[in-house]
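One structure is given below, encoded as structure tokens.
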Amino acid sequence: MNIADFISPERIVVPLAATEKKAAIEELVTVLAKNMGIKNPELVLASVLERESTRTTGVGHGLAIPHSKCPGVKSLSVAIGKPAEPIDFQSIDGLPVFLIVLLVSPPEQTGTHIQALAKVSRLMTVDAFRNKLKSASSAQEIYDSICKQEKLLDTAQV
């Protein structure tokens, strides 16, 4: 699975207008609703916020992956946001996040959902890649960086 297959520059926001966690999630849900034809963004938002209330999705290294499985979503949907200033996400390492990757999928696509979470986490373990995203100033730059890093990982696994 490649995350690049599920995103486009139109689903990447640089910079996010939001300055706090809930607003950032709302902004990314709006991006999905606009670009993925999600009919009930309120349901998606409630689902993601409910999941977030059980345990933080600030996974460390400046990354948050708010996510949910939600009825009304037809397939894995991904939006990415880079806040103008890092946001407190109550991350497990205590550091604010500079990149937020929202993942939403239908309840019956558990395997795809878990694979996407794992792939994003694996990508972010690469220091040079993280630093590239941290310094990115456009949606296109983030998209291109993800595509390039996934190709490098795919080549290394062959």
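The values are calculated or read from the model by the stated rules, or taken from the named source; none is laboratory data. It should be emphasised that the depicted structure is a prediction, and the values quoted were computed from it without experimental measurement. Heads up, the Cβs are rebuilt from the backbone with ideal geometry, glycines too, and the neighbour counts pull from every protein chain shown.
Looking at this structure, is LYS34 exposed (fewer than 14 other Cβ atoms within 10 Å of the Cβ) and closer than 22 Å to GLN140 by Cβ? Break it down stepwise before answering.
Details: exposed (fewer than 14 other Cβ atoms within 10 Å of the Cβ): yes; closer than 22 Å to GLN140 by Cβ: yes.
In short, yes.
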Would you point out the residue of segment 93-113, among those that are modelled with pLDDT of 95 or more and of a type in the set (Val, Ile, Thr), that is nearest to LYS39 (Cα to Cα)?
VAL104
Taking segment 9-60 only, how many residues are within 28 Å of ASP127 (Cβ to Cβ), of a type in the set (Gly, Ala, Ser) and touching a strand residue (DSSP E or B) at 6+ places or on another chain (Cβ under 7 Å)?
3
In segment 36-57, the residues that are in a helix (DSSP H, G or I) and either of a type in the set (A, V, I, L, M) or at positive phi (or both)
MET36, LEU43, VAL44, LEU45, ALA46, VAL48, LEU49
What residue, among those in segment 58-80 that are among the aliphatic types (A, V, I, L, M), in a strand (DSSP E or B) and touching a Phe, Trp or Tyr at 6+ places or on another chain (Cβ under 7 Å), is surrounded by the most Cβ atoms within 10 Å (Cβ to Cβ)?
ALA64
Within segment 86-138, which residues are within 22 Å of GLU42 (Cα to Cα) and of a type in the set (Phe, Trp, Tyr)?
PHE89
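Please work out which residue is nearest to PRO9 (Cα to Cα), limiting yourself to segment 83-127 and to residues that are of a type in the set (Gly, Ala, Ser) and in a loop (DSSP other than H, G, I, E, B).
ALA84
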Over 28 Å from THR54 (Cβ atoms), of a type in the set (S, T, N, Q) and surrounded by 14 or more Cβ atoms within 10 Å (Cβ to Cβ): is that true of GLN109 in this structure?
no
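Yes/no matrix, rows are residues, columns are (1) over 13 Å from LEU63 (Cβ atoms); (2) surrounded by 15 or more Cβ atoms within 10 Å (Cβ to Cβ):
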position	(1), (2)
ALA116	yes, yes
LEU123	no, yes
ASP127	no, no
SER138	yes, no
Could you run through segment 53-75 and say how many residues are in contact (Cβ under 8 Å) with a residue 12 or more places away in the chain and over 30 Å from SER135 (Cβ atoms)?
7
Does segment 114-132 contain any residue that is under 17 Å from ILE38 (Cα atoms) and within 12 Å of the chain's Cα centre (by Cα)?
no
Kindly establish whether GLU50 is surrounded by fewer than 14 Cβ atoms within 10 Å (Cβ to Cβ), touching a residue at least 60 places away in the same chain (Cβ under 8 Å) and in contact with a Ser or Thr (Cβ under 9 Å, 6 or more places away or on another chain).
no
